[in-house]
């Protein structure tokens with residue numbers, strides 16, 4: 001084939017190696033995809049655990065401050081609540097919970113308000129754990145499950161509520177008065193959905209407790225046998241119909257329950273019992289002796305009891321048990337007692353005009369002259385909350 005002069009051989013296709021560029025683009029797309037997935041997961045976690053996150057405290061930590069502004073300081077807050085009627089109070093770690101028939105408020109340890117909710121509770125009561133608390137109407141049908149910053153669920157019980165208890169994970173139990181049977185205990189998740197119900201046709205249920213994960217339910221009640229009052233303690237798994245352990249306490253009335261890990265604390269009018277929550281067996285019994293139980297306070301596996309013959313001040317004594325079940329403190333008391341609280345290994349005794357704080361070994365940490373104080377609470381950060389008619393004082397004991 002003849003070609004025109006000067007044209008030469010036609011050029012062939014030129015191959016360019018762009019594999020490094022394609023590899024970089026794939027890596028860039030992979031990084032963007034991973035980042036998008038991480039952002040989606042973070043958003044989902046914030047949505048799921050929004051009731052458990054204290055954004056106020058998080059913001060203070062990010063800005064280099066603490067809720068108390070560094071070291072604990074004495075703070076006084078004027079209350080906007082009407083405390084002349086029924087008042088229920090409690091603690092949520094380092095926060096103070098106040099409930100009246102019309103208002104529910106939570107105060108941080110720096111005096112600021114983390115929750116302010118209008119309620120309708122004729123006889124308010126509070127049940128607390130480390131992460132959640134339940135405000136309910138004793139004898140009514142309304143209950144609110146709350147974190148430290150917001151209301152997580154509202155519940156309308158079909159029958160009147162006698163007692164309530166809340167677990168660490170937000171599950172809670174309501175003991176209710178029934179019309180067609182003695183009583184019932186219902187377990188709800190933290191969304192307010194019913195998970196489990198136990199009905200008793202042979203004994204009255206007057207109290208309940210939950211394990212930390214909400215999978216085990218303990219009910220306390222009473223029945224009559226041979227003209228004698230008998231305390232009835234039942235331990236149940238929330239996925240089974242029948243209890244895995246049952247104990248009868250002849251001649252004793254169960255007053256309160258408390259759970260700490262696998263330890264179940266049972267207080268009666270005659271003794272303080274300890275049970276293994278997993279196995280259901282009794283591990284210890286400490287009788288009150290020849291004295292009557294006048295006041296008590298339970299906190300996890302710790303207990304403080306005021307024992308006397310007829311009235312406080314006439315041979316009465318304060319007896320405290322540590323988490324291992326051993327007596328850690330016993331001292332004689334004088335004067336009338338108006339309140340008793342225990343928490344963090346410390347015991348607060350509210351008497352007419354004075355507030356006394358005792359340490360784990362029975363040492364007197366503080367004694368304050370406060371004649372107008374109605375309630376005294378111990379917070380997890382060591383502060384003492386004193387409540388009177390118009391003011392909340394947060395002080396270092």
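Below are the figures for this structure:
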read-out: Qualifying residue in region 22-30 (condition: modelled with pLDDT of 80 or more, under 25 Å from residue 144 (Cα atoms) and outside any loop (DSSP other than H, G, I, E, B)); value: no
read-out: Region 303-314, residues that are in contact with a strand residue (DSSP E or B) (Cβ under 6 Å, 6 or more places away or on another chain) and at pLDDT below 85; value: 308, 312
read-out: Tally, over region 88-145, of residues that are more than 19 Å from the chain's Cα centre (by Cα) and part of a loop (DSSP other than H, G, I, E, B); value: 13
read-out: Residue count, region 361-378 (criterion: outside any strand (DSSP E or B) and touching a strand residue (DSSP E or B) at 6+ places or on another chain (Cβ under 6 Å)); value: 4
read-out: Hits in region 215-224 (condition: part of a strand (DSSP E or B) and over 22 Å from residue 177 (Cβ atoms)); value: 216
read-out: Verdict on residue 230 being under 19 Å from the mean Cα position of the chain (by Cα) and either outside any loop (DSSP other than H, G, I, E, B) or without any contact (Cβ under 8 Å) to a residue 12 or more places away in the chain (or both); value: no
read-out: Test: residue 217 is within 22 Å of residue 243 (Cβ to Cβ) and surrounded by fewer than 19 Cβ atoms within 10 Å (Cβ to Cβ); value: no
read-out: Region 238-253, residues that are under 19 Å from residue 187 (Cβ atoms) and assigned to a strand (DSSP E or B); value: 245, 246
read-out: Selection within region 88-102 - surrounded by 18 or more Cβ atoms within 10 Å (Cβ to Cβ) and in contact with a strand residue (DSSP E or B) (Cβ under 8 Å, 6 or more places away or on another chain); value: 88, 89, 90, 91, 92, 95, 96, 97, 98, 99, 100
read-out: Strands (runs of 3 or more DSSP E) enclosed by region 261-352 - at least 3 residues per element that are at negative phi, within 22 Å of the chain's Cα centre (by Cα) and surrounded by fewer than 18 Cβ atoms within 10 Å (Cβ to Cβ); value: none
read-out: Positions within region 171-181 being in a loop (DSSP other than H, G, I, E, B) and surrounded by fewer than 24 Cβ atoms within 10 Å (Cβ to Cβ), in sequence order; value: 178, 179, 180, 181
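The values are calculated or read from the model by the stated rules, or taken from the named source; none is laboratory data. Keep in mind the model is a prediction, meaning the values are calculated, not measured. Reconstructed Cβ throughout: ideal geometry from the backbone, glycine too, with neighbour counts over all protein chains shown.
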